[in-house]
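Presented below is the structure to which this report refers.
The values are calculated or read from the model by the stated rules, or taken from the named source; none is laboratory data. Small disclaimer: the values here were computed from a predicted structure and weren't measured. Please note: Cβ atoms are built from the backbone with ideal geometry, for glycine as well, and neighbour counts cover all protein chains shown.
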Amino acid sequence: MTTAGLPPTPQDARRTDAEVVAAKLISIEAYRALLQGEERVSDWLLVDQAMIDTFADATRDHQFIHVDPERARAETPFGGTIAHGFLTLSLLSTLAFDALPGVVGTTMGINYGFDKVRFLNTVRSGARVRGRFRLVGLTERAVSLQSAWDASIEIEGAVKPALSAHWITLAILEPPQT
């Protein structure tokens, strides 16, 4: 717990994340039932200039279309700065954390890769996005669950999504008890 009046520490955030994950755990049987089922949708997430600037610093991609609002407004058709495509793609993790359950008995989740990613629309600074996920493939192994997701990130008020992807994840299972 945090001390009254002080901001949360990274340990507090990890503890909170662990509590959120624990509350959303489902059985492997319930997880199997998600296959080819309804889409799971995350809450909306604001993509603001601070997020874009932080990503630019982390990736050293300071192209003006991302970090210079006045120049981007004057010299681009976007009316201001836009998020990096890879920033938008990376948001799949946090949007999935919000929308998807975990499976009882897993110890961690790992990105395995993408079979396809398409950037379809720009995300302007100040826009809100959310993720849509549909489980389309599941491979069960002794030590892992490999899940294939049709995923998209939609932009609030836009007809066309920011991106669509076929995303593969691994859930590592606890070792069998002997």
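Considering only segment 97-118, how many residues are more than 15 Å from the chain's Cα centre (by Cα) and either assigned to a strand (DSSP E or B) or of a type in the set (Val, Ile, Thr) (or both)?
Within segment 97-118, the subset more than 15 Å from the chain's Cα centre (by Cα) is 103-108, 115-116, 118.
If we keep only those that are either assigned to a strand (DSSP E or B) or of a type in the set (Val, Ile, Thr) (or both) too, we end up with 103-104, 106-108, 115-116, 118.
Matching residues across segment 97-118 total 8.
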Which one of the conditions (1) crowded, with 19+ Cβ neighbours inside 10 Å; (2) touching a residue at least 60 places away in the same chain (Cβ under 8 Å); (3) of a type outside the set (D, E, K, R) does Leu95 fail to meet, given that it meets all the rest?
(2)
Count - residues of segment 148-168 that are within 17 Å of Val41 (Cα to Cα), in a strand (DSSP E or B) and either touching a residue at least 40 places away in the same chain (Cβ under 8 Å) or not charged (D, E, K, R) (or both):
11
Whether any residue in segment 109-116 is at pLDDT below 95, buried (at least 18 other Cβ atoms within 10 Å of the Cβ) and under 23 Å from Glu38 (Cα atoms) is what I want to check.
yes
Could you count how many residues in segment 150-178 are polar (S, T, N, Q) and at pLDDT below 95?
2
For the subset of segment 133-147 comprising residues that are charged (D, E, K, R) and in a strand (DSSP E or B), which member is modelled with the highest pLDDT?
Arg134
Within segment 119-132, restricting attention to residues that are part of a strand (DSSP E or B) and small (Gly, Ala, Ser), which residue is nearest to Leu25 (Cα to Cα)?
Gly131
Scan of segment 42-59 for residues that are under 25 Å from Leu138 (Cα atoms) and surrounded by 15 or more Cβ atoms within 10 Å (Cβ to Cβ), ordered by number
Ser42
Number of the condition not met by Thr76 [criteria: (1) out of contact with any Phe, Trp or Tyr (no Cβ under 9 Å at 6 or more places or on another chain); (2) surrounded by fewer than 18 Cβ atoms within 10 Å (Cβ to Cβ)]
(1)
Could you give every pair whose Cβ atoms fall below 6 Å, whose first residue belongs to segment 43-64 and is in contact (Cβ under 8 Å) with a residue 12 or more places away in the chain and under 23 Å from Phe97 (Cβ atoms), and whose second residue is assigned to a helix (DSSP H, G or I) and of a type in the set (D, E, K, R), counting only separations of at least 6 or pairs across chains?
Asp43/Asp98
